[in-house]
Each structure stands twice: as structure tokens, then as C-alpha cells.
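For reference, the structure discussed in these notes is given below.
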Number of protein chains: 2
Amino acid sequence: MNFTDEIIDALSIDCLIFGFKDAQLSILLVKHGIGPTLGQWALPGSWIKYNESIDEAAGRILSSQTSVENIYLEQFKTFGEVRRFSPRRVITIAYYALVNIEKFELHPGPTEADVSWFNIQEVPTMPFDHNKIFEDCLSFLKHKIQHEPIGFNLLPAKFTLLQLLELYEAILGQKLDKSNFRKKFLKMNLLVDTQERQQDVSHRAATLYRFDESVYNKLLEKGFTFEV
Amino acid sequence: MNFTDEIIDALSIDCLIFGFKDAQLSILLVKHGIGPTLGQWALPGSWIKYNESIDEAAGRILSSQTSVENIYLEQFKTFGEVRRFSPRRVITIAYYALVNIEKFELHPGPTEADVSWFNIQEVPTMPFDHNKIFEDCLSFLKHKIQHEPIGFNLLPAKFTLLQLLELYEAILGQKLDKSNFRKKFLKMNLLVDTQERQQDVSHRAATLYRFDESVYNKLLEKGFTFEV
């Protein structure tokens with residue numbers, strides 16, 4: 001086992017941060033401020049340091065490039081096609097998180113020209129294989145929301161059934177039947193009626209719900225099948 | 001973005017191959033024939049070459065060290081704790097597969113002293129964090145078999161309900177109620193009665209089943225909840 005020129009020696013992390021607001025699902029991108037990809041929008045990402053775990057690296061990179069911090073980043077998948085980063089061969093570990101957009105102020109880091117949310121329908125052409133990584137992660141999320149509860153971090157603490165429906169529609173990229181959706185969700189006992197209603201709305205104020213934390217965690221463990 | 005000494009530059013692949021036979025779940029290990037871990041049993045694993053994808057590397061490494069080839073290796077997870085490989089810092093991408101033991105003849109590769117199946121209850125102390133990677137993958141499998149069909153590659157083409165039960169019991173590490181198991185599985189329409197019975201058995205010959213491929217694939221996509 002010798003370390004020769006033949007051995008892969010470049011390893012990076014890329015972060016897929018999905019945010020939700022006003023019925024829109026967005027992804028967090030940075031505009032590169034230096035290097036050959038100057039001026040291009042891309043997933044936040046960089047190299048892993050010798051003295052940090054890969055989980056720590058993901059948090060550090062995201063925080064330094066975007067100011068988004070203290071969120072739970074979960075490992076998604078490692079990408080290692082031969083031609084994924086030309087001319088140098090780089091393998092990248094992708095992490096993802098789902099966040100409530102309103103909770104974060106964005107500031108570009110020292111090597112970023114800008115940082116911004118992009119609606120998932122309007123993601124620009126990105127360098128390397130970032131578009132493929134993004135598409136893969138979106139497919140993964142589409143599968144995931146049909147088998148376990150998500151939304152805890154994407155929605156405000158109290159939300160309406162319409163907001164939850166819009167979250168599902170945004171991720172799945174399709175319209176759902178409202179009354180069916182309502183029925184299925186109420187049957188799961190996942191939602192607790194807060195006995196409060198929306199404020200400051202012109203239309204008829206809707207009931208506000210919250211997630212039942214113990215049911216939520218039980219369903220996370222057990223999984224469910226939510227057919228659309 | 002400079003490549004300095006600070007940047008991680010060692011990346012490996014480790015393979016978790018689970019096999020099933022005679023009601024026993026086993027894992028495939030190799031005995032190192034060279035280097036500082038000489039004589040120790042470990043997961044098959046090595047470095048990734050510059051001209052191969054990580055999926056290709058996983059197949060090449062497994063084949064060269066054990067002779068097990070032409071199987072579908074799926075990416076499990078990437079492990080990158082700071083102290084996971086001392087003194088050099090190495091990040092490893094773990095792949096897994098589920099196979100029918102009887103299909104494979106084992107031959108150690110040029111750097112392996114031996115290769116063998118180990119019952120999952122009798123896995124030796126392995127170098128690096130291989131025991132942790134193994135435990136993590138076993139937990140993952142326990143969760144997985146409760147949410148999607150597996151067994152297609154682990155069982156013979158025609159199998160009895162008892163064999164399927166024993167597979168579930170081996171992975172979950174617990175006894176299951178036989179009649180409950182039978183009822184739940186038959187309800188899924190996943191099993192097809194082949195109208196054949198076991199041959200050469202001293203006890204009453206049991207019905208042989210096969211998986212209905214289209215239901216199997218549908219359940220793979222859709223998932224299910226199988227509570228034990």
C-alpha cells in the first residue's frame with residue numbers, strides 16, 4: 001500500500017441547504033469570488049482540514065461561506081466519478097440540511113462574492129457536477145417526504161395545513177389534492193391543533209398546528225408510506 | 001484554495017458484504033497478509049485509483065481481495081472522524097452488498113493471507129474503526145428490512161417462509177412470531193407460491209415461494225412499514 005501518483009488525494013465537501021418560505025423551496029448558493037470559477041454560482045463547498053472530522057468540516061465551510069450556522073447537517077452521499085472535477089480528480093462528500101429561511105441572515109465569506117437563496121426551479125448552471133448533485137438530492141428528498149416526517153426545521157413552529165401542503169407540493173413539484181392531504185395528515189396524529197388561528201390575514205384565518213414531537217420522532221424511527 | 005499539508009489526502013474504500021446461509025447471517029472478512037496490520041482480520045478495503053470511479057474502485061478492491069465479483073455494491077456512508085486511522089488521517093467510503101453465500105468461491109488476493117465468512121455474532125476485533133463501521137451498517141440493515149423488501153440476493157430463487165423468517169431473525173437479532181410474520185408477508189402479495197415443495201427433507205416438506213418481481217420493485221420504490 002504505497003501512496004503513489006495513482007492514488008486519489010483530493011477530497012471536498014459540498015453543502016445542499018434547502019430553505020422554505022412563502023410556498024417556495026429554495027437552495028442556498030454562493031458566487032465564487034476567486035479562482036477559475038470566479039463569478040459562477042455554486043454549492044457552498046471546500047476542502048477538509050486535517051484536524052477536523054468531515055461533519056465538522058461541513059459546518060465550518062457552510063458557516064464561513066454563508067454565515068448559516070448551528071444547523072444539523074446530515075451526510076447525503078459521496079460523489080466520485082472519474083471526470084467529476086476536471087482537470088484535477090476530486091471526490092466530494094455532499095451534506096444536506098432543511099432550514100427555515102427566515103431564521104438566517106446571509107453574509108458571503110472572504111472567498112465568496114455573494115450568497116443567495118435560489119428557487120429550486122431557477123437554479124443556474126453551476127460548475128463541476130453541482131447541478132447533478134443538486135438533482136440527486138432533490139430526488140432523495142422527494143422519496144424521503146413520502147416515508148418519514150420532515151418539515152420540523154422548514155416550517156415555523158406553528159403553521160397552517162396549507163403551509164404544510166405547500167411544502168409537500170414544493171418538494172414534490174406537483175399539486176396535491178387538498179382534502180386528501182388533510183385527511184391523511186390528520187389521521188397520522190402528527191399534528192396538534194394549537195387552538196390558535198393565523199393573525200393579520202385578509203382571508204378567513206386558518207387553524208395553526210404544531211408537530212407532536214413524540215409522534216414525529218416515532219414516525220422518524222418507524223417510517224410511513226404517504227402516497228401522493 | 002491551496003493544497004497544503006493541512007488538507008486531507010488519503011481516501012479509501014471498505015466493503016461490507018453480508019451473506020446468508022443455514023439461518024446464519026455472515027460478513028466477509030480478509031486477513032491482512034502484509035503491513036502493520038499483518039495477521040488481523042478486517043473488512044476488504046484499499047485505496048482508490050485516479051482512473052476509476054468510487055463505484056468501480058469498490059468492485060475492483062472486493063474482487064481482487066476476495067474473488068467475490070459481479071455483485072451490486074451500494075454506497076453506505078463515508079466515515080471521517082479525525083482519529084479514525086492513526087497515525088495517518090484517512091477518510092473511508094463504505095459500500096455494502098447482500099449476497100447468497102453459496103454463489104461464491106473465496107480466494108485471498110496477493111496481499112491477503114486468508115478470506116472467510118464470519119457469523120455476525122463472532123466478528124473479531126478489527127483494526128482501525130472497522131468494528132464501528134460494521135455495527136453502523138448492521139443497524140442500517142435492521143432499519144432497512146422494516147421499510148423495504150430485501151432478500152432477493154440473500155436467498156435462493158425459491159425459498160420457504162421459514163428461510164425468510166430466519167433471514168429477518170438473523171438481521172434483527174431477535175426471534176419473531178412465526179404466524180404473525182407469515183400473515184404480514186402473505187398480505188403484501190410479495191410472495192408467489194411456486195406450487196413446489198422442499199426436496200430431501202426429513203420433516204414435512206414446506207411450500208417453496210419466490211418473490212413477485214414487480215411487487216418487489218414497487219415496494220422498493222414505495223417502501224412499507226413492517227413492525228416487529
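Taking the range A:37-51, which residues are in contact with a helix residue (DSSP H, G or I) (Cβ under 8 Å, 6 or more places away or on another chain) and more than 7 Å from chain B (Cβ to nearest Cβ)? Once the filter is applied, which keeps residues that are in contact with a helix residue (DSSP H, G or I) (Cβ under 8 Å, 6 or more places away or on another chain) and more than 7 Å from chain B (Cβ to nearest Cβ), the range A:37-51 yields A:Ala42, A:Leu43, A:Pro44, A:Gly45. The set of residues in the range A:39-55 being surrounded by fewer than 16 Cβ atoms within 10 Å (Cβ to Cβ) and free of Cβ contacts under 8 Å to residues at least 40 places away in the same chain consists of A:Tyr50, A:Asn51. Restricting attention to the range B:123-177 and to residues that are of a type in the set (Asp, Glu) and free of Cβ contacts under 8 Å to residues at least 24 places away in the same chain, the residue that is farthest from B:Ala97 (Cα to Cα) turns out to be B:Asp177. Picking from residues in the range B:5-18 that are open to solvent by less than 70 Å² (accessible area, probe 1.4 Å) and not in a strand (DSSP E or B), the one that is modelled with the highest pLDDT is B:Ala10. In the range B:113-122, which residue that is within 22 Å of B:Leu154 (Cα to Cα) and touching a residue at least 60 places away in the same chain (Cβ under 8 Å) is surrounded by the fewest Cβ atoms within 10 Å (Cβ to Cβ)? It comes out as B:Asn119.
From the list B:Leu176, B:Leu208, B:Leu165, the one residue that fits, being at pLDDT 90 or above, over 27 Å from B:Lys77 (Cα atoms) and open to solvent by less than 20 Å² (accessible area, probe 1.4 Å), is B:Leu165.
Here B:Lys144 passes the criteria (1) in the same structural domain as B:Glu69 (by TED's automatic domain parsing); (2) modelled with pLDDT under 90; (3) open to solvent by less than 50 Å² (accessible area, probe 1.4 Å); (4) of a type outside the set (Phe, Trp, Tyr) except the one numbered (1).
Selection of strands (runs of 3 or more DSSP E) fully inside the range B:52-128 by the criterion of at least 3 residues being out of contact with any helix residue (DSSP H, G or I) (no Cβ under 9 Å at 6 or more places or on another chain) returns B:112-119. Of all residues in the range B:101-112, those satisfying the criterion of being within 15 Å of the chain's Cα centre (by Cα) and either without any contact (Cβ under 8 Å) to a residue 12 or more places away in the chain or crowded, with 17+ Cβ neighbours inside 10 Å (or both) are B:Ile101, B:Lys103, B:Phe104. The set of residues in the range B:24-38 that are under 18 Å from B:Ser64 (Cα atoms), out of contact with any Gly (no Cβ under 8 Å at 6 or more places or on another chain) and open to solvent by 40 Å² or more (accessible area, probe 1.4 Å) comprises B:Ile34, B:Gly35, B:Leu38. Screening the candidates B:Ile34, B:Ile27, B:Ile101 for the property of being more than 20 Å from A:Gly80 (Cβ to Cβ) and within 10 Å of chain A (Cβ to nearest Cβ) yields one hit, B:Ile34. In the set (1) surrounded by 20 or more Cβ atoms within 10 Å (Cβ to Cβ); (2) within 19 Å of A:Asp177 (Cβ to Cβ), the condition left unmet by A:Thr160 is number (1). When you scan the range B:124-135, do you find a residue that is among the polar types (S, T, N, Q) and open to solvent by less than 30 Å² (accessible area, probe 1.4 Å), even just one? Checking the range B:124-135: not a single residue is among the polar types (S, T, N, Q) and open to solvent by less than 30 Å² (accessible area, probe 1.4 Å). Among residues of the range A:56-71 that are touching a residue at least 40 places away in the same chain (Cβ under 8 Å), those with a beta-carbon under 7 Å from a residue that is open to solvent by less than 20 Å² (accessible area, probe 1.4 Å) and hydroxyl-bearing (Ser, Thr, Tyr) at least six positions away or on a different chain give the pairs A:Ala58/A:Tyr95. In the set (1) under 30 Å from A:Tyr216 (Cα atoms); (2) buried (at least 16 other Cβ atoms within 10 Å of the Cβ); (3) within 14 Å of the chain's Cα centre (by Cα), A:Glu74 fails one condition alone, (2).
The values are calculated or read from the model by the stated rules, or taken from the named source; none is laboratory data. Since we're looking at a predicted model, the values are computed, not measured. Reconstructed Cβ throughout: ideal geometry from the backbone, glycine too, with neighbour counts over all protein chains shown. With ligands, DNA and RNA removed, areas are computed over all heavy atoms of the protein, side chains included. Shrake-Rupley method; radii C 1.70, N 1.55, O 1.52, S 1.80 Å.
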